[in-house]
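Take a look at the structure below.
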Amino acid sequence: MTVISEQETKHSGGDPASQVREISIAHSPDSDDAFMFYGLATNKVRVAGLRFTHTLCDIETLNRKALEGYYDITAISFHAYPYLQDKYALMPTGGSVGEGYGPMIVASRKIPLEEITNCKIAVPGTMTTAYLTLKLFAPDIATEVVPFDEIIPRVLDGKYEAGLIIHEGQLTFAKAGLHKIVDMGKWWRDQTGLPLPLGGNAIRREMGPELMAACCTALRDSIRYALDNREEALQYAMQFARDLDPQLADKFVGMYVNERTLDYGKDGREAIVKLLEMGHSAGIIPNRPMVEFVGDSAAVSTT
């Protein structure tokens with residue numbers, strides 16, 4: 001792990017401003033991402049010659065920004081990757097993967113599965129993996145985009161019969177008085193036997209192999225630092241834990257930042273290819289996905 005103290009930084013010699021390259025990082029303002037990037041955001045983990053600046057924004061906006069190649073490193077939904085694969089490669093660490101759990105359809109009443117397809121569903125964005133999975137589950141279901149943190153309130157207000165929730169809402173919907181209709185992560189596992197890959201981190205290709213590799217190492221070190229220093233990292237992440245007490249925040253972080261976040265594993269990578277292949281075959285994703293991780297010798301086509 002590359003950890004440089006303040007003392008070492010001050011006495012490293014030379015003109016720091018002329019030696020440092022700024023790397024822009026963007027991720028969601030939620031507790032699991034905050035936990036993951038804790039080491040880098042607080043300078044517990046540093047890389048000589050690099051300075052990381054952080055922007056926090058909702059995932060659908062980040063997906064759209066990535067289409068422009070706006071940030072050097074950005075959190076993305078896996079559904080968005082085929083649309084930006086010419087500009088970005090996937091980083092081999094930093095993924096959020098649901099082990100039989102994930103985005104949920106919730107409603108203010110218990111709606112039978114056979115009826116849910118007749119409801120209009122509030123969704124957090126059409127480029128999210130939650131949306132892709134929903135469309136694989138029910139291709140003809142009607143949807144309307146609503147900011148992710150407004151979905152539960154709008155379902156409670158009766159503006160929508162049901163909503164597709166992500167992030168901390170997966171742990172707070174019942175307390176709000178809503179009912180789980182279907183867990184898309186469980187549905188996906190029942191269909192494929194695989195975990196559900198929800199989001200990952202992507203890095204701009206034009207940075208070049210050496211710099212891309214250095215940034216991937218830095219992210220892995222940041223995740224490892226947080227996992228090894230869980231209490232302090234959780235304390236930092238609590239400022240982004242919407243409606244979660246410390247116990248629930250710890251649970252939520254554990255769901256999405258763990259050993260698989262350090263390494264997707266063979267089945268995790270297989271799940272990404274499978275998800276995008278199914279989306280392409282179903283006509284949801286128009287262009288053919290080419291899954292490529294930094295350090296891989298070649299991209300994996302879904303055909």
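The values are calculated or read from the model by the stated rules, or taken from the named source; none is laboratory data. These numbers were taken from a predicted model, which means no experiment stands behind them. A quick note on method: Cβ atoms are made from the backbone with ideal geometry, for glycine too, and the neighbour counts reach across all protein chains shown. For accessibility, only protein heavy atoms count, side chains too; no ligands or nucleic acids. Shrake-Rupley method; radii C 1.70, N 1.55, O 1.52, S 1.80 Å.
Details
- Flag if PHE173 is open to solvent by less than 30 Å² (accessible area, probe 1.4 Å), closer than 22 Å to ASP32 by Cα and out of contact with any Ser or Thr (no Cβ under 8 Å at 6 or more places or on another chain): yes
- Tally, over the range 223-247, of residues that are open to solvent by less than 60 Å² (accessible area, probe 1.4 Å), more than 30 Å from PHE173 (Cβ to Cβ) and part of a helix (DSSP H, G or I): 1
- The listed residue being touching a Ser or Thr at 6+ places or on another chain (Cβ under 8 Å) and either open to solvent by 10 Å² or more (accessible area, probe 1.4 Å) or more than 22 Å from HIS280 (Cβ to Cβ) (or both), out of VAL106, VAL123, VAL145: VAL145
- Selection within the range 153-179 - in contact with a Phe, Trp or Tyr (Cβ under 7 Å, 6 or more places away or on another chain), of a type in the set (D, E, K, R) and not in a helix (DSSP H, G or I): GLU168
Residue-wise test of (1) outside any strand (DSSP E or B); (2) under 25 Å from LEU219 (Cα atoms).
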residue: THR74; (1), (2): no, yes
residue: ASP86; (1), (2): yes, yes
residue: GLY94; (1), (2): yes, yes
residue: GLY102; (1), (2): yes, yes
residue: ASN118; (1), (2): yes, no
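- Residue identified as in contact (Cβ under 8 Å) with a residue 60 or more places away in the chain, within 30 Å of GLN247 (Cβ to Cβ) and open to solvent by 60 Å² or more (accessible area, probe 1.4 Å) among ARG189, ARG154: ARG189
- Members of the range 236-263 found to be under 26 Å from SER24 (Cβ atoms) and over 19 Å from the mean Cα position of the chain (by Cα), listed by number: none
- With respect to being buried (at least 16 other Cβ atoms within 10 Å of the Cβ) and at pLDDT 95 or above, THR133 fits the description.
- Checking the range 50-58 against the condition returns a match, with at least one residue being within 16 Å of ALA202 (Cβ to Cβ), at pLDDT below 95 and surrounded by fewer than 23 Cβ atoms within 10 Å (Cβ to Cβ).
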